[in-house]
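*Asks:* The structure under discussion is supplied below as structure tokens; questions concerning it will follow.
FYI, it's all coordinate maths here, none of it is from the lab. Worth saying up front: this structure is predicted, and the values here are computed from it rather than measured. For neighbour counting, all protein chains shown are included, and Cβ atoms are generated from backbone atoms with ideal geometry for every residue, glycine included.
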Amino acid sequence: MAFITTAKSEFSLAATLARPFRGVWNFLILVAEAHPRMDAINKLNALSDAELEARGTTRSDEVRRIFAGHL
């Protein structure tokens with residue numbers, strides 16, 4: 001036996017007005033994640049504190065280095 005369910009979406013003025021803002025927000029997130037600094041931060045997050053200590057640096061020092069001159 002099979003059941004079919006259909007969901008009828010209700011018109012929502014608030015959702016309709018918010019749609020362009022959500023689109024802009026999602027675009028800004030996409031641009032930020034495509035930046036090379038984000039790649040460097042992801043690599044930094046993959047390192048353990050022990051690995052950073054072996055390199056002679058700390059996580060906060062690396063963040064300062066990555067964002068040097070931009071914050």
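*Asks:* What are the residues in the stretch 24-51 that are under 15 Å from residue 62 (Cα atoms) and of a type in the set (S, T, N, Q), if any? Write out each step before concluding.
*Replies:* Quick first cut of the stretch 24-51, residues under 15 Å from residue 62 (Cα atoms) only: 36-51.
Once the filter is applied, which keeps residues that are under 15 Å from residue 62 (Cα atoms) and of a type in the set (S, T, N, Q), the stretch 24-51 yields 42, 45, 48.
*Asks:* Let me ask something additional. Does residue 14 meet the test of being without any contact (Cβ under 8 Å) to a residue 12 or more places away in the chain, closer than 30 Å to residue 57 by Cβ and loosely packed, with under 10 Cβ neighbours inside 10 Å? Explain how you work it out, then say what you get.
*Replies:* Values: without any contact (Cβ under 8 Å) to a residue 12 or more places away in the chain: yes; closer than 30 Å to residue 57 by Cβ: no; loosely packed, with under 10 Cβ neighbours inside 10 Å: yes.
Criteria not met by residue 14.
*Asks:* Here's something else I'd like to know. All but one of (1) in contact with a helix residue (DSSP H, G or I) (Cβ under 7 Å, 6 or more places away or on another chain); (2) at positive phi hold for residue 37; state the number of the condition that does not hold.
*Replies:* (2)
*Asks:* Can you pull out the residues in the stretch 1-24 that are part of a loop (DSSP other than H, G, I, E, B) and hydroxyl-bearing (Ser, Thr, Tyr)?
*Replies:* If the condition is that a residue be part of a loop (DSSP other than H, G, I, E, B) and hydroxyl-bearing (Ser, Thr, Tyr), then 5, 6, 9, 12 are the ones that fit.
*Asks:* Now for a different question. Take the stretch 47-60 and flag every residue that is within 22 Å of the chain's Cα centre (by Cα) and either aliphatic (A, V, I, L, M) or over 16 Å from residue 37 (Cβ atoms) (or both).
*Replies:* Residues of the stretch 47-60 that are within 22 Å of the chain's Cα centre (by Cα), as a first pass: 47-48, 59-60.
Those that are within 22 Å of the chain's Cα centre (by Cα) and either aliphatic (A, V, I, L, M) or over 16 Å from residue 37 (Cβ atoms) (or both): 47, 48.
*Asks:* Identify, from the list 63, 31, the residue that is within 13 Å of the chain's Cα centre (by Cα) and among the hydrophobic types (A, V, I, L, M, F, W, C).
*Replies:* On the way: 63 fails: within 13 Å of the chain's Cα centre (by Cα).
Just one listed residue meets the conditions, 31.
*Asks:* Additional query: Tell me which residues, restricted to the stretch 43-52, are in a helix (DSSP H, G or I) and surrounded by 12 or more Cβ atoms within 10 Å (Cβ to Cβ). Outline the logic, then answer.
*Replies:* Taking the stretch 43-52 first, the residues in a helix (DSSP H, G or I) are 43-46, 49-52.
Scanning the stretch 43-52 gives 44, 52.
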